[in-house]
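One structure is given here, and the rest of the page talks about it.
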Amino acid sequence: MTKGDKLLIVFVIILSFLSMGYINKQAFSNDSKYVSVQVNGKEVKKIIFDKKIIGTTIPLKTEYGYNLIEIGDEKVRVIEADCPDKIDVKQGYISRIGETIVCLPNKMVIEIKGLEEDTEIDIMNH
Amino acid sequence: MKRLNKMIFISLLVAIGLALSVLESAIPLPIAIPGAKLGLSNMVILVTLVVFGFKDGIIVSMLKSVLLMLITGSVSSFIYSISGAIFSCIVMFIAYKYLSNVFSLIGVSILGALAHNTAQVSVASFMLHNLKIYAYLPFLMLVSLFTGYFVGLASIYIVKNLKTNYKMLFYK
């Protein structure tokens, strides 16, 4: 084992740990998802999460009813609704891609979507 | 006669590489990273590169990949395997020929393992249309440090004995 070998090993260890740290940082910055608000099947609002809009409320008044949506830190919930059962209010926050809040009487769906298109491969076997 | 000797010897090396590849798939690894393996057959390719040269090294690595596909029957792993084998063969040869005063066979083997991983991850990200596969690369690099080190260590002893025993055959 020569000096060059040892240098190579140390260099590779440092490089891989640095890139691991970089990847972890990238993975936890959730700028790749957004809130999609749909009424009667059509997307009426698209909100991308941002630090500046934490706590803002968005009133949504349509021909079917009224909902008040609040944006949190990478999460979203409904705080007011004029529907009779208030299931959407009781559900609380949603934050992960694919989660939905549905208010059937008002025909409203709030969904968190990923910005990137999903690949069509379900499973890879090798 | 000399050519026949060499041919038989290379086919023996391919057979050893195949046996090692089949054997290593039966050895469980303590870490669950897809794509991480011991790379025992890399030993054979490294030895071929050192004893016989670049051309025969490439031939052995390609034959090994093709025959391994016929044995295991999985085409997708063949694409990963052959791209990694060819790229690591080229890198190992360059490292052995031009940097052998800097690196011993251990360094050459580690460089080959790194090249193998890089090629595999690149091909995987190309095939899945997903750049995020590159997130595996640092983990694979750490694993390949260990496997590359031991493969290089073993190759040093093999090459030493091969060169003394078969000098008459190949270096007349």
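The values are calculated or read from the model by the stated rules, or taken from the named source; none is laboratory data. Values in this document were obtained by computation on a predicted structure and should not be read as measured data. Because the Cβ atoms are built from the backbone with ideal geometry, glycine has one as well, and the counts that use them run over all protein chains shown. Accessible surface areas use protein heavy atoms only, side chains included; no ligands, DNA or RNA. Shrake-Rupley method; radii C 1.70, N 1.55, O 1.52, S 1.80 Å.
Annotations for the structure displayed:
- Shape call, the protein assembly as shown: gyration tensor on alpha carbons, a/c limit 1.5: prolate
- Other residues lying with their Cβ under 13 Å from the Cβ of B:Asp56 contribute a combined charge of +4, Lys and Arg counting +1, Asp and Glu -1.
- With viscosity 1.567 mPa s and temperature 4 °C, the Kirkwood radius over alpha carbon pairs of the range B:85-172 converts through Stokes-Einstein to a diffusion coefficient of 91 µm²/s.
- The mean accessible area for residues of the range B:1-136, using a 1.4 Å probe and ignoring ligands and nucleic acids, is 50 Å² per residue.
- With every protein chain in place, chain B: carbon and sulfur % of accessible area (1.4 Å): 73 percent
- Estimated at the nearest 10 Å², the accessible area of B:Tyr166 is 80 Å² with a 1.4 Å probe.
- Per-peptide average of other Cβ atoms within 10 Å, ordering B:111-122, B:135-146 highest first: B:111-122, B:135-146
- Between chain B and chain A, roughly 1800 Å² of accessible surface gets buried, counting both sides and using a 1.4 Å probe.
- Centroid-to-centroid, using Cα positions, the range A:1-55 and the range B:63-102 are 32 Å apart.
- Neighbouring partner chain Cβ atoms per residue of B:109-115, average, 10 Å criterion: 2
- Within the protein assembly as shown, helix-based [θ] at 222 nm, where runs of 4 or more DSSP H residues each add -39,500 (n - 2.57), nearest 500: -19000 deg cm²/dmol
- Peptide-level mean, for A:1-13, of C-beta atoms on other protein chains within 10 Å: 6
- Shape call, the range A:1-57: gyration tensor on alpha carbons, a/c limit 1.5: prolate
- Stokes-Einstein diffusion of chain A at 10 °C, 1.306 mPa s viscosity, Kirkwood radius from Cα pairs, rounded to a whole number: 91 µm²/s.
- The local environment of B:Ser41, defined by Cβ-Cβ distances under 10 Å, has a net charge of +1 under the rule Lys, Arg +1 and Asp, Glu -1.
- Cα Rg, Dmax, the range B:34-101, angstrom units: 12.3, 41
- Among B:Lys97, A:Lys33, A:Lys90, A:Lys75, the order of accessible area from largest down is A:Lys90, B:Lys97, A:Lys75, A:Lys33, computed with a 1.4 Å probe on protein heavy atoms.
- Solvent-free Debye calculation, one equal scatterer per alpha-carbon of the range B:3-170: log10 I(q)/I(0) at 0.08, 0.15, 0.18 Å⁻¹ equals -0.23, -0.80, -1.15.
- For B:Leu63, the solvent-accessible surface with a 1.4 Å probe is about 80 Å², rounded to the nearest 10.
- Chain B: most fluctuating residue of B:Ile94, B:Ile16, B:Ile27 per GNM, C-alpha cutoff 10 Å: B:Ile27
- Global geometry of the range B:27-72, whether rounded, prolate or oblate, following the gyration tensor of its Cα atoms and the 1.5 cut on a/c: oblate
- Per residue accessible area in Å² of chain A, where ligands, DNA and RNA are left out and the probe is 1.4 Å: 67 Å²
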